[in-house]
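The values are calculated or read from the model by the stated rules, or taken from the named source; none is laboratory data. In this text the structure is predicted, and so the values were computed from the model without any measurement. When we count neighbours, we look across all protein chains shown, and the Cβ atoms used for this are built from the backbone with ideal geometry, even at glycine. In case anyone asks, the SASA skips ligands and DNA or RNA and just uses the protein heavy atoms, side chains included. Shrake-Rupley method; radii C 1.70, N 1.55, O 1.52, S 1.80 Å.
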Amino acid sequence: MALFKSVVIGAAAGWMVMVPTVMAFPFGQKKAEAPAAAPSNKAMLPVDRNEALRADPLSRSAYFARAFERNPTDAQAGIDLSHALRALGRFDEAADVAHRVLLFAPNNVEALTAAARAHIASGNGFYAIEPLDQALKLKPNDWQNWSLIGVAYDQSKRGAEAHTAWDKALTLSPENPTVLTNKAISAASGGKLAEAEALLRRAVARPEATLAMRQNLALILGLEGKMAEAEALLRRDLPPEIADANLAWLQHSLSGPANTRTWEALKAGS
């Protein structure tokens, strides 16, 4: 059962940092790809990059691993391989590949971001700060990287800097639901449920809001005792049997002592 680990995410997930998404409930979510061996030589691989990008993460990783092996200075192949490995949950490998690209392309913003995403996905946001800082010097108006560095700061227990970064992201992309959700998860972690609720309500009001955002709002509402509204949100998006399972899980999780009825306690029990 995954609450958040920091979009993200996506989902190795945790924060809403672009792709990694946070899914609050244990049922009805797409399971993260398990680390697996690359397809054998006899397996059918994508024939070109466009096809590879549409393929599943395992096929993508096999295709781009071969491309990067054939040409170790192909920055795009390395970046694509890093993304595929991160989607498979192989965060250390994803970071390593991105840093290999940076050895010969130190100012490649995509590679800097890929390295940071891998570190954040593994919960090691401290190591994402340096590449994101460099990326933002090169591309200072990139709201996505301001949002990411906010998560990296938050994972590093540098809350004031996190909120400054998220505020900058919102200046560049007003009412962006990803950034609002990152702020909400941080607030919930600090026990500020009312603040988290207000931020998530703003996020889910946006047309680009995702299922994960609505499910996190449902969890916050449940933690606040607003079960009727939490149930309505669950049933909006999920089949009856999955909504029932999530409601039962939430009610069970909230039936313990008061000190277990918090976002952090639920995360710790995930």
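Looking at region 117-134, is at least one residue crowded, with 24+ Cβ neighbours inside 10 Å, of a type in the set (G, A, S) and part of a loop (DSSP other than H, G, I, E, B)? Within region 117-134, one or more residues are crowded, with 24+ Cβ neighbours inside 10 Å, of a type in the set (G, A, S) and part of a loop (DSSP other than H, G, I, E, B). When the test is whether a residue is part of a helix (DSSP H, G or I) and either surrounded by fewer than 19 Cβ atoms within 10 Å (Cβ to Cβ) or at positive phi (or both), R60 does not pass it. Based on what the data block shows, is N141 surrounded by fewer than 21 Cβ atoms within 10 Å (Cβ to Cβ), modelled with pLDDT of 95 or more and either of a type in the set (D, E) or more than 16 Å from the chain's Cα centre (by Cα) (or both)? Here the answer is yes, as N141 does meet what is asked. Pairs linking a residue in region 189-203 that is at positive phi to a residue that is among the acidic types (D, E) and open to solvent by 60 Å² or more (accessible area, probe 1.4 Å), with Cβ atoms under 9 Å and 6 or more positions apart or on different chains, are G191/E264. Looking across T113, T164, one residue alone is under 19 Å from D80 (Cβ atoms) and among the hydroxyl-bearing types (S, T, Y). It is T113. For residues that are assigned to a loop (DSSP other than H, G, I, E, B) and polar (S, T, N, Q), scanning just region 89-116, find the one that is surrounded by the fewest Cβ atoms within 10 Å (Cβ to Cβ). Top of the filtered list is N107.
Select from region 138-161 the residues that are in contact with a helix residue (DSSP H, G or I) (Cβ under 8 Å, 6 or more places away or on another chain) and assigned to a loop (DSSP other than H, G, I, E, B) and list them in ascending order.
Applying the first criterion (in contact with a helix residue (DSSP H, G or I) (Cβ under 8 Å, 6 or more places away or on another chain)) to region 138-161 yields 138-139, 141-156, 159, 161.
Within region 138-161, K139, N141, D142, S156 meet the criteria.
In the set F25, F68, F91, only one residue is of a type in the set (F, W, Y), at pLDDT 55 or above and either out of contact with any helix residue (DSSP H, G or I) (no Cβ under 8 Å at 6 or more places or on another chain) or under 24 Å from N145 (Cα atoms) (or both); that residue is F91. Restricting E241, E175, E197 to those that are part of a helix (DSSP H, G or I), open to solvent by 60 Å² or more (accessible area, probe 1.4 Å) and either more than 19 Å from W143 (Cβ to Cβ) or at pLDDT 95 or above (or both) reduces the list to E241.
Considering only region 155-188, state which residues are among the acidic types (D, E) and closer than 25 Å to A218 by Cβ.
The initial filter retains those residues of region 155-188 that are among the acidic types (D, E), namely 161, 167, 175.
Within region 155-188, E175 is the sole residue that qualifies.
For the structure I just gave you, tell me whether D80 is more than 19 Å from T178 (Cβ to Cβ), acidic (D, E), part of a helix (DSSP H, G or I) and open to solvent by 30 Å² or more (accessible area, probe 1.4 Å).
no
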